[in-house]
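The values are calculated or read from the model by the stated rules, or taken from the named source; none is laboratory data. Quick caveat, the model's predicted, so the values are computed rather than measured. Counting neighbours? That spans all protein chains shown, and the Cβs are built from the backbone with ideal geometry, glycine included. Protein only, heavy atoms only, side chains kept; ligands, DNA and RNA dropped before computing areas. Shrake-Rupley method; radii C 1.70, N 1.55, O 1.52, S 1.80 Å.
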Amino acid sequence: MKLNWGNIVLTALLLIVTVSITAFAQLPGGIPREETLIVDKLTGRAGMPDNFNLWAGWRNQDRGLQQLLLEPLWTVDYATGEIIPGLADGPPVYSEDLMQMTINLREGVYWNDGVPFTADDVVYTIELLKATPGMPYHGTMAEFVESVSKTDDHTVVVDLTLPSTRFHAHFLDRWGCLRILPKHIFENVEDPMAFEFNPPIGPGPYTLLDYDPAGFWTLWERREDWDRSPTGILYGKPQPRYVLFQWFESEEGKILAQLRNELDMAQHTEEGLRVILERSDTARAWRRDWPWVVNIDPCITGVLFNNKVEPYDNKDVRWALVLAIDIVEYMAIATDFTAPVSPIHLPPVPAYVEHFFIPMQEWLKEFELDLGNGETFKPYDPDVPQKIAAGAKERGLPVPEDPAAIQDIFGMGWWKHAPDAAEKLLLKNGFSRDENGQWLLPDGSPWTIAIVANPAPAHHSFKNAIALAEQWRNFGIDATVNATEAFDTLVLNGEFSVSTQWPAAEPWGAGVDLIRTFDPWHSRLLTPIGVPVALGPGGGGRWSDPRLDEIIETMEITDSVAEEEATVALGIEALKILIEEMPSIPTYGYTGPVAWDEAYWTNFPGAENLYSQPYHHWPNFKYMLPFLQKVN
């Protein structure tokens, strides 16, 4: 894999100058540019632009719904390590027997239609979701909630069916959680699943002003009474009066918009970020030096199998597909050598490297696969980071020589590229090759894989899919990419075979508690194909294991702070099960090739000024806005 960087830049620039002017960001009439923050939308064009009811399924939450309209009870900020109480007024309070949780609510909060936010909204939300199959978190509320009530307008008590130290985590926002809905709106709705929730009502600092009926953009305006939102109460006045979320159909259009100062915050491809930094006098990245990208993100990317669909219900097949991957080539294609690999279902951020990656190294080196006929194979390769560094140097990138710095950038190891071992695993299970070397399924039909992916080129789902398809084609499988705006719905419903949805639910990013990662795989949450899973992303793979069930249930009654050593031990045992079974393939930690244009706004939370997590697609975005400064 020898790609010339100069050719990449040249190709991108040529595409830029030929792109249609319709790709530019356009402000609706009467909206002043200097009062507007324009950001790109990460997950694609809104598939149902008129529908804002995110309690009925995926509704492109990142077009401002989760960032500006809504406020959760609590939000985690992985950059600062804070738990931010939004609608709540402090941490949850558990009873001594862990069978009851009390939530104290913030006073002075109003919905953006002027109705006070009270305990009635929280009680109604939990009761509605518990009683309504098909709504997200229905399964969890039905499983854990015995009853919910209020003791006054700002105090809610939840009686649990099982002892738990973490029930509140379902309400802790980290790119998704159970958010509180307005009782005074939904109690008048006959069918909450069919309701479009348009116009949407929320307690956040912004209100919906307009949107494109084709789904390309959504415009929000700061509330006149922003000081009655938790964001305003906690941090003050959000500085932009307007925020426009814009979907760009091409990376070239996004690059051109940012070079013309028509886009303030964007997440690019790695190549796109380089073009921006080279050509713009007003743009910057999260880091001011190579590799520029955000690399503190607590999210692992990779491949998700549907474990209810043949042949992906067979762990030998899943492992064969791992060993068919040349991870050095893969990282060149997917990330331009800017991300750290991970062999386990966690991102290699500092807290997890210390507590999980380093302690598991010896076990990883000794881990063996059964290839059949008495032959075993040790698949772990701790030298992968050095091999990736060599590839990056060959490409002319400024790779450091210090092994610790290489590990920081490229991770601690991954799985060997071992097509011979992969072949033995497949032959052991009845697969064969045709006269052209292409793989055939055990029934003799050609093995084809359509990898379902997010359609946005800058999205790591898309990047993983492109790299993955090439690797599997090289191995002799007819692999293609099906990039579709229905990506999330297909995965939640189990209507796929292989996707590049995250291979595991994201952990919190701080501390040692991994239950958020493991929870979606508990057998009590399994749903048949066609019925949405209660929790994602790992849950979409429809896999469970009784050993993991037992660990999760032990974690639920283990205090992760007071019993840290026990919590780490449980996490390691669960990770070992995931490696043995490989229900999904972790590839690399999420990185953000973020570019900020400082022509209109400045004081973004860069690596040297880390007052907030840095993404505009995260729910914490609203907490960043009071700190932005207008450029005069």
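Quick rundown of the values:
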| quantity | calculated |
| --- | --- |
| Odd one out for V303 among (1) within 22 Å of F487 (Cα to Cα); (2) open to solvent by 10 Å² or more (accessible area, probe 1.4 Å) | (2) |
| Residues (buried (at least 24 other Cβ atoms within 10 Å of the Cβ) and under 22 Å from Y611 (Cα atoms)) located in the stretch 217-239 | S229, P230, T231, P238 |
| Yes/no for V122 being of a type outside the set (G, A, S), open to solvent by less than 20 Å² (accessible area, probe 1.4 Å), in contact with a strand residue (DSSP E or B) (Cβ under 9 Å, 6 or more places away or on another chain) and in a strand (DSSP E or B) | no |
| Matching strands (runs of 3 or more DSSP E) fully within the stretch 173-269 where at least 1 residues are hydroxyl-bearing (S, T, Y) and closer than 16 Å to G44 by Cα | 206-211, 217-222 |
| Conditions (1) over 24 Å from F357 (Cα atoms); (2) assigned to a strand (DSSP E or B): number failed by P311 | (2) |
| So I552, is it part of a helix (DSSP H, G or I), open to solvent by less than 40 Å² (accessible area, probe 1.4 Å), more than 24 Å from W175 (Cα to Cα) and not polar (S, T, N, Q) | no |
| Residue match in the stretch 346-356 (condition: surrounded by fewer than 21 Cβ atoms within 10 Å (Cβ to Cβ) and either more than 20 Å from Y590 (Cα to Cα) or basic (K, R) (or both)) | no |
| The lone exception for G302 - which of (1) touching a Gly at 6+ places or on another chain (Cβ under 9 Å); (2) within 30 Å of L578 (Cα to Cα) it fails | (1) |
| Scope the stretch 161-178; condition open to solvent by 10 Å² or more (accessible area, probe 1.4 Å) and touching a residue at least 40 places away in the same chain (Cβ under 8 Å); matching residues | L162, P163, T165, R166, H168, A169, L172, W175, G176, C177 |
| Residue list for the stretch 391-425, restricted to those being assigned to a loop (DSSP other than H, G, I, E, B), open to solvent by 10 Å² or more (accessible area, probe 1.4 Å) and not hydrophobic (A, V, I, L, M, F, W, C) | R395, G396, P398, P400, E401, D402, K416, H417 |
| Search result, residues across the stretch 336-345 that are out of contact with any strand residue (DSSP E or B) (no Cβ under 9 Å at 6 or more places or on another chain) and either of a type in the set (V, I, T) or open to solvent by 10 Å² or more (accessible area, probe 1.4 Å) (or both) | T338 |
| Matching residues, the stretch 447-463, being of a type outside the set (G, A, S) and within 19 Å of F305 (Cβ to Cβ) | W447, T448, I449, I451, V452, N454, H460, F462, K463 |
| Among (1) free of Cβ contacts under 8 Å to residues at least 12 places away in the same chain; (2) surrounded by 20 or more Cβ atoms within 10 Å (Cβ to Cβ), the one test that A574 misses | (1) |
| Pair list, Cβ < 9 Å and 6+ apart or interchain, from the stretch 433-451 residues that are over 14 Å from V317 (Cβ atoms) to residues that are among the aromatic types (F, W, Y) | R433/W439; Q438/W447; P446/W439; A450/F496; I451/W472; I451/F496 |
| Selected residue (only one of K622, K630 is open to solvent by 40 Å² or more (accessible area, probe 1.4 Å) and under 30 Å from P240 (Cβ atoms)) | K630 |
| Filtered residues of the stretch 380-390 (kept if touching a Pro at 6+ places or on another chain (Cβ under 7 Å) and either open to solvent by 20 Å² or more (accessible area, probe 1.4 Å) or part of a helix (DSSP H, G or I) (or both)) | none |
| Selection within the stretch 181-216 - charged (D, E, K, R) and exposed (fewer than 15 other Cβ atoms within 10 Å of the Cβ) | E187, E190, D191, E196, D210 |
